[in-house]
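Everything on this sheet refers to the single structure shown next.
The values are calculated or read from the model by the stated rules, or taken from the named source; none is laboratory data. Just so it is clear, the model here is predicted, and its values are computed rather than measured. Here the Cβ is made from the backbone with ideal geometry for all residues, glycine too, and neighbour counts use every protein chain on show. Accessible surface is based on the protein model in full, side chains and every heavy atom, while ligands, DNA and RNA are left aside. Shrake-Rupley method; radii C 1.70, N 1.55, O 1.52, S 1.80 Å.
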Amino acid sequence: MNEPDRKQPVPIGETSRADGDARRLWSRRVHSLTPYVPGEQPRDRVFIKLNTNENPYPPAPGVVEAIQTFPVERLKLYPDPTGLATRTALAEYHGVALGQVFVGNGSDEVLAMAFQAFFNHHVDPATADATEQIVFPDITYSFYPVYARLYDIPYRTVPLDDDFSMPLVALAAPSAGIVLANPNAPTGIALSLDDIRSLAAADRNRLILVDEAYVDFGGESAVALLTEFDNILVIQTLSKSRSLAGMRIGFAIGDPHLIHALERIRDSFNSYTLDSLAQTCASAAFADGPWFETTRARIMATRERTAKALVPLGFSVLPSAANFIFIRHDSLKAADLYTRLREEGILVRHFKQPRIENFLRVSIGTDLEMDAFIASLAEITADRQS
Ligand SMILES: *Cc1c(COP(=O)(O)O)cnc(C)c1O
């Protein structure tokens, strides 16, 4: 038998060995997964990137300095597994106790651990009744069903109302847990604290995960409800409002016993989820209040200005409390607009999903980027009319 030439990498997707397709080695779990598809990160061409809700402004000057002065020799040591310095900064900022804060490698990781910690009650998804299912809206962050399937958690979705507001009555019906993005994605619509309070009060034996990835752009944080409720877990990220998507820092705030459950999951998986540099940057980001306030105010002002400019071009714009807008044109198809914008060097997000296939989600960039976006749409919509 000839040994395969080890210097020749096998192109992914091609079969090179006589024994056939190595997918025969996949676990049943891998066969059954439907992974999340992240927004495009093009490397081949410079785009105006309005497709993944990144912050258009750089991280705070304090973060830049923390990176430049980071003692590199510290990298030979493992990071602090508890993220103490970061958690201290977060606890101070949010006015909670240290034991109420959990940090992780982006809020996606924290969310995944929360699904595993609180919702996997060993029910067979095929036979689960309504009280054994968790619920979330039909139109929301598309990672939720991915995590539910990954951990065999039975779930159902409840349709958002026709105006895309939250169907509070359906959400409050008996279930094993509620997952909400607030403000919701990709709609940008926010729920009031009173609404979250009534959901939490409807059944105190049921946990509500509130994913506040966008809360700093106009929402109200459910951290304010934690003195009343131990069945709310708030999850936030430094990816959006703190301009640190590439650093991967997310956190949860809740009752110390909920935090302890997350620690038990983490320490059964990977004790060092946040690296030393990320921990340093997280503390520095929270130490720089003025930068945070200035950049988020600028993004909110740009959002309002952009929304106003789109209306005369024939767009309807959902009311957004996030760093993106969700828009629809009264005659042009979203798929065509997406393609035309892409040709103009502007990337936005289009979801080929029932009810929203005619919408585009547009992240708020700098004023210059949004001017270019508005100008492109003015041309595209004018072409159409002539
Ligand atoms: C961006 C986003 C996240 C993930 O944030 P990371 O901290 O970068 O993992 C979580 N939830 C929602 C709704 C988001 O839009």
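Here are the numbers:
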quantity	calculated
Residue in the range 122-144 that is more than 16 Å from the ligand (Cβ to nearest atom), under 19 Å from the mean Cα position of the chain (by Cα) and not β-branched (Val, Ile, Thr) present	no
Test for Ala285: is it farther than 19 Å from Tyr144 by Cα, within 15 Å of the ligand (Cβ to nearest atom) and surrounded by fewer than 24 Cβ atoms within 10 Å (Cβ to Cβ)	no
Residue in the range 325-344 that is within 16 Å of the ligand (Cβ to nearest atom) and part of a helix (DSSP H, G or I) present	no
Some residue of the range 95-108 being part of a helix (DSSP H, G or I), under 20 Å from Ser271 (Cβ atoms) and over 23 Å from the mean Cα position of the chain (by Cα)	yes
Candidates Leu337, Leu277 - the one that is buried (at least 16 other Cβ atoms within 10 Å of the Cβ) and under 30 Å from Thr82 (Cα atoms)	Leu277
The listed residue being part of a helix (DSSP H, G or I) and open to solvent by 10 Å² or more (accessible area, probe 1.4 Å), out of Ser320, Ser376	Ser376
Sole residue being within 21 Å of Leu111 (Cα to Cα), at pLDDT 95 or above and of a type in the set (Val, Ile, Thr), chosen from Ile299, Ile327, Ile265	Ile265
Residues being open to solvent by less than 40 Å² (accessible area, probe 1.4 Å) and either part of a helix (DSSP H, G or I) or more than 16 Å from the ligand (Cβ to nearest atom) (or both) - total across the range 63-93	9
Any pair with Cβ under 8 angstrom, 6 or more apart, that starts in the range 204-225 at a residue that is of a type in the set (Val, Ile, Thr) and ends at one that is within 10 Å of the ligand (Cβ to nearest atom) and assigned to a loop (DSSP other than H, G, I, E, B)	Val210/Asn182; Val215/Asn182; Val215/Pro183
Members of the range 224-238 that are open to solvent by 20 Å² or more (accessible area, probe 1.4 Å) and either small (Gly, Ala, Ser) or over 25 Å from Glu132 (Cβ atoms) (or both)	Ala224, Leu226, Thr227, Glu228
Those strands (runs of 3 or more DSSP E) lying entirely in the range 149-217 with at least 2 residues touching a strand residue (DSSP E or B) at 6+ places or on another chain (Cβ under 6 Å), open to solvent by 10 Å² or more (accessible area, probe 1.4 Å) and under 23 Å from Thr131 (Cα atoms)	155-158
Condition broken by Asp383, with the remaining ones in (1) at pLDDT 95 or above; (2) farther than 15 Å from Thr187 by Cβ; (3) assigned to a helix (DSSP H, G or I) satisfied	(1)
Residue count for the range 363-373, restricted to those that are open to solvent by less than 40 Å² (accessible area, probe 1.4 Å) and either of a type in the set (A, V, I, L, M, F, W, C) or part of a helix (DSSP H, G or I) (or both)	4
Residue among Ala224, Ala172, Ala190 that alone is within 16 Å of the ligand (Cβ to nearest atom) and modelled with pLDDT of 95 or more	Ala190
Filtered residue count, the range 345-361, keeping only those that are out of contact with any Phe, Trp or Tyr (no Cβ under 7 Å at 6 or more places or on another chain) and not in a loop (DSSP other than H, G, I, E, B)	1
Answer residue from the range 248-259, given it is more than 9 Å from the ligand (Cβ to nearest atom) and open to solvent by 30 Å² or more (accessible area, probe 1.4 Å) and is nearest to Leu84 (Cα to Cα) among those	Pro256
Residues located in the range 94-121, provided they are out of contact with any His (no Cβ under 9 Å at 6 or more places or on another chain), at pLDDT 95 or above, away from the ligand (no atom under 15 Å from the Cβ) and of a type in the set (S, T, N, Q)	Gln116
Where Ile139 falls short, out of the listed (1) hydrophobic (A, V, I, L, M, F, W, C); (2) assigned to a loop (DSSP other than H, G, I, E, B); (3) open to solvent by 30 Å² or more (accessible area, probe 1.4 Å); (4) at pLDDT 95 or above	(3)
